[in-house]
Structure formats: structure tokens, C-alpha cells
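Each value in this text was obtained by applying a stated rule to the coordinates, not by laboratory testing. Source: prediction; values computed, not measured. Don't worry about glycine lacking a Cβ; one is built from the backbone with ideal geometry, like all the others, and counts go over all protein chains shown.
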Amino acid sequence: MRAEGAHFIAFAWPAMWWFDCYPELRRHLTERFPRVLDSERLVAFDLRD
């Protein structure tokens, strides 16, 4: 998606289960990209370099 021009990825509260089922996804995003929003309802990462 980054190659296609995506600048951000966000997970709204209904999709938070992804982080439980795919802990490596959360780890990858957290280690590689800054978290620009982190609340109980929304988590967003800045994918820009």
C-alpha cells in the first residue's frame, strides 16, 4: 500500500482484534512507524519515510 501512495494506516476499535491475532503486525508497525494517534477507539501510524 505504501508503494501505491498510502501515507497512514488506522485501526478503528472494531478492528483492534488484529493486534491480538497478529502481534507481529503491531510489533512491525510500532517499531518501524510513528504512532500518530492512540486511543481506545483509534490507532493510527504514519507510514511516510
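For F8, the residues 5 or more places off, or on other chains, whose built amide H falls under 5 Å of its own are L47. Basic side chains Lys and Arg get +1 at the Cβ, acidic Asp and Glu get -1 at the Cβ, and with that the dipole of the chain about its Cα centre reaches some 40 debye.
Computed over the chain, the P(r) curve from all C-alpha pair distances, binned at 10 Å from the origin, holds 26, 59, 15 percent per bin.
The listed peptides 6-13, 19-26, ordered by packing as a protection proxy, come out as 6-13, 19-26 (highest mean of other Cβ atoms within 10 Å first). Annotation: the residues L42, L29, sorted from fewest to most other C-beta atoms within 10 Å of their own C-beta, follow the order L42, L29. So if R0 is 25 Å, what FRET efficiency would M16 and V36 give, r being the distance between their Cβ atoms, rounded to the nearest 0.05? It comes out at approximately 0.90.
For the chain, the longest principal axis of the alpha carbon atoms and the long axis of helix 23-32 meet at an angle near 40°.
Rounded to the nearest 500, the 222 nm mean residue ellipticity of the chain from helices alone is -8000 deg cm²/dmol, with -39,500 (n - 2.57) taken per DSSP H run of at least 4 residues.
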